[in-house]
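The values are calculated or read from the model by the stated rules, or taken from the named source; none is laboratory data. The structure presented is a predicted model; accordingly, all values stated were derived computationally and were not measured. Cβ placement follows ideal geometry from the backbone for every residue including glycine, while neighbour counts extend to all protein chains displayed.
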Amino acid sequence: MLSFHKAFLTLGLLACVPVAQASPITLNADHFSVTYDDVQAGLYKQGSLSGSLDTVYFQPNTFAALSGGNAVSTPALLQLTFSINPGYAFTGFNFTERGDYFLFGGGAVNVAASVQAVNAATSASTILDLAPGLPLTQTGRSTSWELTGTLSTLGLGSPQTLVVNLDNSLFASASTSGLGFIQKTYAGFQVMTEPVVSVPEPASWALLLAGVMAAVLVGGRRRERAPSMAQTRSIDV
């Protein structure tokens, strides 16, 4: 009976624990807007917008992997929804992320990133996989690292809404006498857009052509009716 009362009390306490409610956050740029879930952002922390560069960026301060005797992997997903403003079109993303690492006593670290863009209307997608261009092997001091790449939206049609998924992992390993540490301090998407040149509909072309032809006919008739200067002079004489 006592255990039953304890279980009942535990369930009651759990029911009172507040559950974090997801809240969408929207950032508005000149040519587009981006929305993300504040809870889902997790290790990436709060996003910011650099209007002059059309860049959406995050500055995490706890996204890290630390090893002092066993292998460690720290993954994190981030999903962003980009919506284009009327009169513009997406052309691609320049993605950059960076951080620093520290190695001692034979430790090792690495980072991997995958960026996927999906046309929300058609599910057409494209993906960019990134890894360091050089091994992260500098020892004895804190060293910076960076990943960069460009994701084109060619082949996705003319998306009005793009869902962008960032799948990121940090890796660290070391012996008990060593140390491997790596962290991410920045992740940014520079959004590339261009103005849309509107093409007249066939009906508009037909109407425009009819107007031009009418103007030409009216002009021709006026020239036929108007006497020439020489004819006017001869009549006066």
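Of everything in the stretch 170-194 that's among the β-branched types (Val, Ile, Thr) and assigned to a strand (DSSP E or B), which residue is nearest to Thr150 (Cα to Cα)? Spell out the reasoning first.
As a first pass, look at the stretch 170-194 and keep what is among the β-branched types (Val, Ile, Thr): 176, 182, 185, 191, 193.
So of that shortlist, the ones also assigned to a strand (DSSP E or B) come out as 182, 185, 191, 193.
Values: Ile182: 24, Thr185: 20, Val191: 10, Thr193: 13 Å.
Out of the qualifying residues, it is Val191.
Would you please name the residue that is modelled with the lowest pLDDT, looking only at residues in the stretch 39-74 that are of a type in the set (A, V, I, L, M) and either outside any strand (DSSP E or B) or surrounded by fewer than 13 Cβ atoms within 10 Å (Cβ to Cβ) (or both)?
Leu53
Among the residues of the stretch 152-161, are any closer than 20 Å to Val72 by Cα and in a loop (DSSP other than H, G, I, E, B)?
No, every residue in the stretch 152-161 fails to be closer than 20 Å to Val72 by Cα and in a loop (DSSP other than H, G, I, E, B).
Of these, Thr62, Thr96, which one is closer than 19 Å to Thr150 by Cα, out of contact with any His (no Cβ under 7 Å at 6 or more places or on another chain) and of a type in the set (S, T, N, Q)?
Thr96
Show the residue pairs meeting these rules: Cβ distance below 7 Å; 6+ apart or different chains; first residue within the stretch 78-94 and free of Cβ contacts under 8 Å to residues at least 24 places away in the same chain; second residue buried (at least 19 other Cβ atoms within 10 Å of the Cβ).
Listed pairs, sorted by first residue: none to list.
Output yes when any residue across the stretch 75-95 is surrounded by fewer than 16 Cβ atoms within 10 Å (Cβ to Cβ), modelled with pLDDT under 95 and part of a loop (DSSP other than H, G, I, E, B), and no when none is.
Checked against the condition, which is being surrounded by fewer than 16 Cβ atoms within 10 Å (Cβ to Cβ), modelled with pLDDT under 95 and part of a loop (DSSP other than H, G, I, E, B), the stretch 75-95 yields no hits at all.
Which of the residues belonging to the stretch 126-151 are among the small types (Gly, Ala, Ser), part of a loop (DSSP other than H, G, I, E, B) and at pLDDT 95 or above?
Of everything in the stretch 126-151, just one residue is among the small types (Gly, Ala, Ser), part of a loop (DSSP other than H, G, I, E, B) and at pLDDT 95 or above, namely Ser142.
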